[in-house]
Amino acid sequence: MNPAPSDNNTIGDPPVAGAQAGGAGTKRTISAVEAHEGFSLHRVERYWPLYFPRLDYSEAPSGHIEDIKKLAEYVRQHPETFSMDTMHSCMFNYLTLVGASPLADFAQRLRDEPEVILSCLGLAVCYVLSCEYGAEGEHVLGDHRLHIRLMHHEPVTHMKSLKSALVGRLVTVRGTVVRTSPIKPFLTQC
């Protein structure tokens, strides 16, 4: 199902406050380039809190918006590179994604800042699905975060090699879960 013609009308979308490279507090408006490309910042803003809950959309770094635009264009041009595992998760082949390199230094950035890159990728998939399927796509996506799963990520890190230096980085471990328990936070009083 194709979206209604008004869904792609980015010129009529209201300007959105935000930050540009020039500094915080400047207004981000929809440029003629974005209108020509059919990229609607209004659609990105709708899903923003799901992927960046600690960052208000009006304070979004322009680099994040550019990454989302590039990833959305990649997903739109190459729909065969991902599959919807469930309504809540989407799978990408890591080797195909890195081979296509939709962003500059994609593999390095994914390894060093996986939370940001995977959030941008999830937001790009939501954007493309909502553009392609309109209200039906937005109904399926709902108000939950779409989890991005990477298949065939390398290298595999051995359990004994997991150290604090890897916190916040993308790693792959292989093993068998033999027991689970709820997380018990360690509290100290200062």
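The values are calculated or read from the model by the stated rules, or taken from the named source; none is laboratory data. Predicted model only: the values in this text are computed from it and were never measured. Here the Cβ is made from the backbone with ideal geometry for all residues, glycine too, and neighbour counts use every protein chain on show. Side chains included, ligands, DNA and RNA excluded: accessible areas come from the protein's heavy atoms. Shrake-Rupley method; radii C 1.70, N 1.55, O 1.52, S 1.80 Å.
Odds and ends about this structure:
- Given (1) over 28 Å from ARG43 (Cβ atoms); (2) of a type in the set (Asp, Glu); (3) surrounded by 12 or more Cβ atoms within 10 Å (Cβ to Cβ), number of the condition GLU136 does not satisfy: (1)
- Among the residues of region 140-165, those identified as at pLDDT below 85, in contact with a helix residue (DSSP H, G or I) (Cβ under 9 Å, 6 or more places away or on another chain) and not β-branched (Val, Ile, Thr) are LEU141, ASP143, HIS144.
- MET84 at pLDDT below 85, out of contact with any Asp or Glu (no Cβ under 8 Å at 6 or more places or on another chain), of a type outside the set (Phe, Trp, Tyr) and surrounded by fewer than 14 Cβ atoms within 10 Å (Cβ to Cβ): yes
Table: residues versus (1) under 21 Å from the mean Cα position of the chain (by Cα); (2) open to solvent by 60 Å² or more (accessible area, probe 1.4 Å).
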{"site": "ARG149", "(1), (2)": "yes, yes"}
{"site": "HIS152", "(1), (2)": "yes, yes"}
{"site": "HIS158", "(1), (2)": "no, yes"}
{"site": "SER161", "(1), (2)": "no, no"}
{"site": "VAL173", "(1), (2)": "no, yes"}
{"site": "PRO185", "(1), (2)": "no, yes"}
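- The set of residues in region 168-190 being among the aliphatic types (A, V, I, L, M), under 22 Å from GLU115 (Cα atoms) and either modelled with pLDDT of 85 or more or touching a Phe, Trp or Tyr at 6+ places or on another chain (Cβ under 9 Å) (or both) consists of LEU170, VAL171, VAL173.
- Filtering region 87-115 to residues that are open to solvent by 50 Å² or more (accessible area, probe 1.4 Å) and closer than 25 Å to ALA165 by Cα leaves LEU95, ALA104, ASP105, GLN108, ARG109, ARG111, ASP112, GLU113, GLU115.
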